[in-house]
Amino acid sequence: MKKIYFLLFIISIQTGFCQVKISETDKLSATCKVWGFLKYYHPKVANGEKNWDQQLFDVLPKIEQAKTKEEFSLILENWIDSLGEIQKIEPIIQPKGIEYFDKNFDLSWIDKNKMFSTKLSKKLKFIENNRFQGEQYYVSLLNAENIFVKNEDFSTYDYNNKYARILSLFTYWNIIEYYFPYKYIMDQKWDNTLEQMLPLFIEAKNLDDFYITMQKLTVRLNDSHAVFYKYARKKHYLPIVCKIIDEKMIVTEILDDNFAKTGEVKIGDIITKINDKTIKQIVFENRELISASNEVSYLHNIIEPVLSGYYDNIKLEFLSEGKNIKKTINWVDYNSNRYVLKNETKREIKKEKFKILENNIGYVNMGEITVKNIPEMIEKLKLTKAIVFDMRNYPNATWEEISKFLNAKEKVFAIYTKPDLTYPGRFKWSEPHPTGSENKDNYKGKVVILLNEESVSQSEWTAMCFQTAGNTTIIGSQTAGADGNVSDVDFIKSFYSRLSGIGVYYPDKRETQRIGIIPDIEVKPTILGIQQGKDEVLDRAIKFIETGK
């Protein structure tokens, strides 16, 4: 009798286990991974033979009906079988001479996912071992070998439809899963982001909710390149540039002459509230909406969004010459993101490309100088005792010609990780990138580079290049920490994002992403210095040149 009771007990446990319900998030998370894996690995999907979006729409209702792990796995097994037979191929041999970077690569979920039956895991593993080896239908490589997304057109989808929102999430998530070089240094695992974002995509009540949710998803990349734009009605902008220092927003530049003449706001004014919110509140509330690799980049990137809007005016509270002032100020019609005026009040600020400062110190504005200006710059500055290269801006692809002037011989300054489309998710190390050439007449003076949070991507990469000169000193503060050629992601109607497409490292494989370029001498502007019209970073550079300290 005891044996009978024991057997009934065991059967009841097993039956109960089989009938354990699985959550919507668990099902969709696992489906997302399988759908993306098949998209880039299955020979009859990765070649574009199947309408892969429609395949997802067809399988989602079945997934929703699945109550147990067994039912769920069977649906996916049948789905895979319906795609057609996969031919077993000879083992894919890793090419000789290639060193792989595998910190991003992880297909262990195939065997470890609690939602999968043993049979399903074996099917997926078979696909991995016999994966597609032709030209990928949904991604290709640009000249720099970062990906570009192709054959994705979501322009006809209605995002009030839950399945369209899920498709958008699945598509974006898998692009990052397989082709984002810095996935491994996000604040949290990309798997966790999927689980957290799924309910938000499902619950989005309207188009605005959907776009905000997409924006929040891009922010989880922790990548200053991963900007988000929603093409919508025209925005208005306040024509000022600001910097956040110690939870205070200080005005550093007025961009419109007409606005400057009104005296509404002046350089040095300290904004304490915007539309009744303190700067501290604004910084806290926007963390899920502003992309950034690090804190200094976040504090820089938040300025433009909070000084723009769709209304007629903006309410400011600020300190000006010791007085507390409250004002409601009308916007100016500005172009998004670059502070370019559309009307005739456009302010043309002619900045010098290069010049000689006092005591025979050269100065180059890297945001203004172009390749055609380099010969003249070299001729004018070659006998100076030092040259300050100001990269608190975005250079104009002048690194190669300037580097030849600075270096006596060829040197390597960077190495990259690039996606391997034959094994999606894997990256491979490039050959080290050289700069400079044999030049006995190279520059012999000191080289000083100025950097700050506005130094991003090409600025950071160019700074790495100039460091090879050997007599280079970097002065300033932490940079934006986003390097590598950019890949655009714009498959969704009215939506545009981008991401760092290749990994950039020093030749010894030290990281630059999120860290940025580390200054040898750290110096940051102060509120008082800005109010007094000083460039404290440049002043510190001149002091170093003169004293060596």
Count the net charge of all other residues whose Cβ sits under 13 Å from the Cβ of G268, scoring Lys and Arg as +1 and Asp and Glu as -1. +2
Per residue of segment 290-299, what does 6.51 cos²θ - 1.76 cosθ + 1.60 with θ = phi - 60° give for ³J(HN,Hα)? Whole Hz please, x for Gly and Pro, Karplus curve as stated. 10, 6, 6, 7, 8, 5, 5, 5, 4, 5
Ranked highest first by the average count of other Cβ atoms within 10 Å around their residues, in what order do 256-269, 512-525 fall? 512-525, 256-269
Where the Cα pairs of segment 236-330 fall when distances are cut into 10 Å bins, in %: 15, 53, 28, 4
For K103, what is the net charge nearby, where nearby means another residue's Cβ is under 12 Å from its Cβ and Lys, Arg count +1, Asp, Glu -1? 0
Using 0.36 nm per residue, how much length does the chain from Y163 to A144 gain when fully extended, once their Cα-Cα distance is taken away? 3.4 nm
Could you grab the relative contact order for the chain? Cα pairs under 8 Å, six or more apart, rounded to a whole percent. 14
Antiparallel as a % of all DSSP beta bridges within segment 354-547, to the nearest 5? 50
Name the long-range amide H neighbours of T272: under 5 Å, sequence gap of 5 or more, or other chain; modelled H, no Pro or chain starts. E317, F318, L319
With a sphere of radius 14 Å drawn around the Cβ of L120, what net charge do the other residues whose Cβ falls strictly inside it have (Lys, Arg +1; Asp, Glu -1)? +3
Size of charge dipole - the chain - debye, nearest 20, with Cβ of Lys, Arg +1 and Asp, Glu -1, no other charges: 760
Can you list residues from other chains, or at least 5 along the same chain, whose modelled amide H is less than 5 Å from the amide H of F413? H433, T435
Name the lysines eligible as straight-distance cross-link partners of K69: C-alpha to C-alpha under 25 Å, and not fewer than 8 places from it in the same chain. K21, K27, K33, K39, K112, K114, K119, K122, K123, K125, K162, K189
Taking the chain as the reference, fit the longest principal axis to its C-alpha atoms, fit the long axis of helix 536-547 to the helix C-alpha atoms, and give the angle between the two in degrees, 0 to 90, nearest 10. 60
Which of the listed residues, F154, S457, L217, is farthest toward the dipole's positive end in the chain, when Lys, Arg count +1 and Asp, Glu count -1 at the beta-carbon? L217
Report the relative contact order of segment 342-455, percent, no decimals, based on alpha-carbon pairs under 8 angstrom and at least 6 residues apart. 26
How would you order 472-485, 117-130 from highest to lowest mean count of nearby Cβ atoms within 10 Å? 472-485, 117-130
Of the listed values (1) 38, 26, 21; (2) 50, 31, 20; (3) 38, 31, 20, identify the label whose number matches semi-axes √(5λ) of the Cα gyration tensor in Å calculated from this model. (2)
In order over segment 24-29: 3J(HN,Hα) from phi, Karplus 6.51/-1.76/1.60, θ = phi - 60°, whole Hz, x for each Gly or Pro, gives 4, 5, 4, 5, 6, 4
Cα long-axis angle, helix 2-18 against the chain (0 to 90 degrees, to the nearest 10): 40
MRE, 222 nm, helices only [DSSP H, n ≥ 4, -39500 (n - 2.57), over the chain, to nearest 500]: -10500 deg cm²/dmol
So who's got an amide H within less than 5 Å of the one on F180, skipping anything under 5 residues away but keeping other chains? H placed 1.01 Å off N, in plane. none
Could you give me the ³J(HN,Hα) list for segment 144-157, computed from phi with Karplus coefficients 6.51, -1.76, 1.60 and θ = phi - 60°, whole Hz, x at Gly and Pro? 7, 6, 8, 7, 10, 7, 9, 6, 10, 9, 9, 5, 9, 7
Rank Y229, F37, G48 by how far each Cα sits towards the positive end of the charge dipole of the chain (+1 on Lys, Arg Cβ; -1 on Asp, Glu Cβ) and give me just the farthest. F37
For K409, list the lysines whose Cα falls under 21 Å from its own Cα; do not include residues on the same chain fewer than 8 positions away. K382, K385, K440, K444, K446
Antiparallel DSSP beta bridges within the chain, as percent of all bridges there, nearest 5: 75
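Coordinate-derived values only; no laboratory data. Just so it is clear, the structure is predicted and the values come from calculations on it, not from any experiment. Note: ideal-geometry Cβ built from the backbone for every residue, glycine included; neighbour counts use all protein chains shown.
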